[in-house]
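J.: Before anything else, here's the structure in question.
The values are calculated or read from the model by the stated rules, or taken from the named source; none is laboratory data. Keep in mind that this is a model prediction, so the values were computed, not measured. Backbone-built Cβ (ideal geometry, glycine too); neighbour counts: all protein chains shown.
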């Protein structure tokens with residue numbers, strides 16, 4: 001169960017990071033609210049997961065999921081360029097996150 005909380009909080013990390021980019025300095029209401037709700041949910045899920053998972057593993061997985069999803073979404077939406085090297089690096093990041101789960 002802690003892994004489900006960790007994965008969910010990693011997804012929410014990507015949500016708040018993407019929403020933060022759309023707040024325009026917190027001058028836009030909807031992205032600012034999405035940012036706040038996702039941030040709180042993400043940190044709560046991470047905190048719950050850290051009750052039973054090692055801090056280093058939980059944090060690395062949380063950041064890895066959030067980073068991979070944020071960059072992946074940005075590449076799919078056209079906000080960032082796509083290249084074979086970038087895709088391979090994201091795949092490597094995901095592989096490292098999976099490795100942390102498998103070796104736990």
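J.: Given the criterion at pLDDT 95 or above, over 13 Å from the mean Cα position of the chain (by Cα) and either within 18 Å of residue 93 (Cα to Cα) or outside any helix (DSSP H, G or I) (or both), identify the matching residue among 13, 24.
T.: Numbers: 13 fails: over 13 Å from the mean Cα position of the chain (by Cα).
Within the list 13, 24, the selection yields 24.
J.: Right, here's the next one. Within the stretch 46-77, which residues are within 20 Å of residue 102 (Cβ to Cβ) and outside any helix (DSSP H, G or I)?
T.: Within the stretch 46-77, 50, 52, 53, 54 qualify.
J.: For the condition in contact (Cβ under 8 Å) with a residue 40 or more places away in the chain and surrounded by 13 or more Cβ atoms within 10 Å (Cβ to Cβ), what is the one hit in 18, 39, 43, 93?
T.: On the way: 39 fails: in contact (Cβ under 8 Å) with a residue 40 or more places away in the chain; 43 fails: in contact (Cβ under 8 Å) with a residue 40 or more places away in the chain; 93 fails: in contact (Cβ under 8 Å) with a residue 40 or more places away in the chain.
The unique qualifying residue is 18.
J.: Let me ask another. Would you mention how many residues in the stretch 52-65 are out of contact with any helix residue (DSSP H, G or I) (no Cβ under 7 Å at 6 or more places or on another chain) and farther than 17 Å from residue 17 by Cβ? Please lay out each step first, then the result.
T.: Keep residues of the stretch 52-65 that are out of contact with any helix residue (DSSP H, G or I) (no Cβ under 7 Å at 6 or more places or on another chain), which gives 54-56, 59, 63.
Of the ones still in play, those that are also farther than 17 Å from residue 17 by Cβ are 54-56.
Going through the stretch 52-65 one residue at a time, the tally reaches 3.
J.: Same structure again: Which members of the stretch 53-86 meet the condition of being touching a residue at least 24 places away in the same chain (Cβ under 8 Å) and surrounded by fewer than 12 Cβ atoms within 10 Å (Cβ to Cβ)?
T.: If the condition is that a residue be touching a residue at least 24 places away in the same chain (Cβ under 8 Å) and surrounded by fewer than 12 Cβ atoms within 10 Å (Cβ to Cβ), then 54 is the only one that fits.
J.: Related question: Please find, among 42, 32, the residue that is modelled with pLDDT of 95 or more and under 15 Å from the mean Cα position of the chain (by Cα).
T.: Values: 32 fails: under 15 Å from the mean Cα position of the chain (by Cα).
Criteria check complete, one pass: 42.
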